[in-house]
1. Can you give the Kirkwood hydrodynamic radius for the protein assembly as shown, in Å, rounded to one decimal and based on Cα pairs?
2. Just counting partner chain Cβ atoms within 10 Å, what average do the residues of peptide A:97-109 show around their Cβ?
3. Run the reach check for A:LYS104 against aspartates and glutamates, Cα to Cα strictly under 13 Å, same-chain hits fewer than 8 apart removed. What comes back?
4. Mind checking the full-extension length gain between A:THR5 and A:LYS56? Use 0.36 nm per residue of separation minus the Cα-Cα distance, one decimal, nm.
5. For segment A:40-96, what does the alpha-carbon gyration tensor say about shape, rounded, prolate or oblate, given a ≥ b ≥ c as the root eigenvalues, a/c under 1.5 as rounded, and a/b over b/c as prolate?
6. Please report, for the Cα atoms of segment A:1-83, the Rg to one decimal and the Dmax as a whole number; what are they, in angstrom?
7. Counting Lys +1, Arg +1, Asp -1, Glu -1, what net charge surrounds A:GLY103 among other residues with beta carbon under 14 Å of its beta carbon?
8. Could you give the length gained by full extension between B:THR114 and B:SER9, i.e. 0.36 nm per residue of separation minus their alpha carbon distance, to one decimal place?
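All of the numbers you see were taken from the coordinates with simple rules; none came from a lab. Because the structure is a prediction, the values reported are computed rather than measured. Here the Cβ positions follow ideal geometry from the backbone for every residue, glycine too, while neighbour counts run over all protein chains shown.
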Amino acid sequence: GDSVTQMEGPVTLSEEAFLTINCTYTATGYPSLFWYVQYPGEGLQLLLKATKADDKGSNKGFEATYRKETTSFHLEKGSVQVSDSAVYFCALGNSGNTPLVFGKGTRLSVIA
Amino acid sequence: GAGVSQTPSNKVTEKGKYVELRCDPISGHTALYWYRQSLGQGPEFLIYFQGTGAADDSGLPNDRFFAVRPEGSVSTLKIQRTERGDSAVYLCASSPGRLGRYNEQFFGPGTRLTVL
C-alpha cells in the first residue's frame, strides 16, 4: 500500500539556519503530496502542496518540489525562525477524496 | 467562517467504558474523515464519509470502533469497551468532497482520549 517515510527528529537549528526535512513516498498512480504543520497546542494545518510531478509548493518561505523520479518531496526553508518550531508531517493523497497517508512527523526546534 | 470543531477536547475514561467523540465539520463539506494520532506518530486513517455513508472504513482497527454521520454533517466516533491502547488523539477533518484531483482536508483540534 501507499506509504510515506520522513526523516526522524528531533531537529534542532539556530535561527537563520537552512532547513531540510526529507520525505520519500511509495504510491500507486499519481498522488498529490502535502506538508502539514502542527504548532504547539494547535491542530494540523496545511503548509503547502503539489499535485503533479515537478510542481513546487511554497508558503511562508517553505518550499518543496514533487520529484517523481526520486519519489521525494523534501521540505526546505532558507532561514528558519523561532516561530517555525513545530512538528512537520509529509503526506500523500492518491485522488481527490481519498484519505491522506502521513509520515511519522519531524519535530523542529529553532533556538535564538 | 468556523472551522472543524471537535468535542470534548479531552476525555479521560476507565478501561472497559464506552465513549463518544463528536466532530462538527465545516458547513457544506460533504467529505468527513476520522484519523487517530498516537504519541510520536503521524495521523492514521480510521474512516471516511461521503455524505451520510461510510465510503471507506478500512482503517477501523476492530469492531469496537464505529462511526456515524446520520444527517451528512455532524459525525460521532464511538468506541466500546475501551482499552488502554486506544489512548490517542482522535482527529477529524472535512473537505468539500468535489470530484477531481485534490480536495484540501481541514483538520479539527482533536480529542485527546486517555484510557486508564
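1. After inverting the mean inverse Cα-Cα distance, the result is 18.1 Å.
2. The mean count of partner-chain Cβ atoms within 10 Å per residue comes to 6.
3. In chain and number order, the partners are A:GLU8, B:GLU44.
4. Answer, rounded to one decimal: 16.4 nm.
5. Note, shape of segment A:40-96 comes out oblate.
6. So, for segment A:1-83, Rg and Dmax equal 13.1, 39 Å respectively.
7. So the surrounding residues net to -1.
8. The B:THR114-B:SER9 span can extend by a further 36.7 nm.
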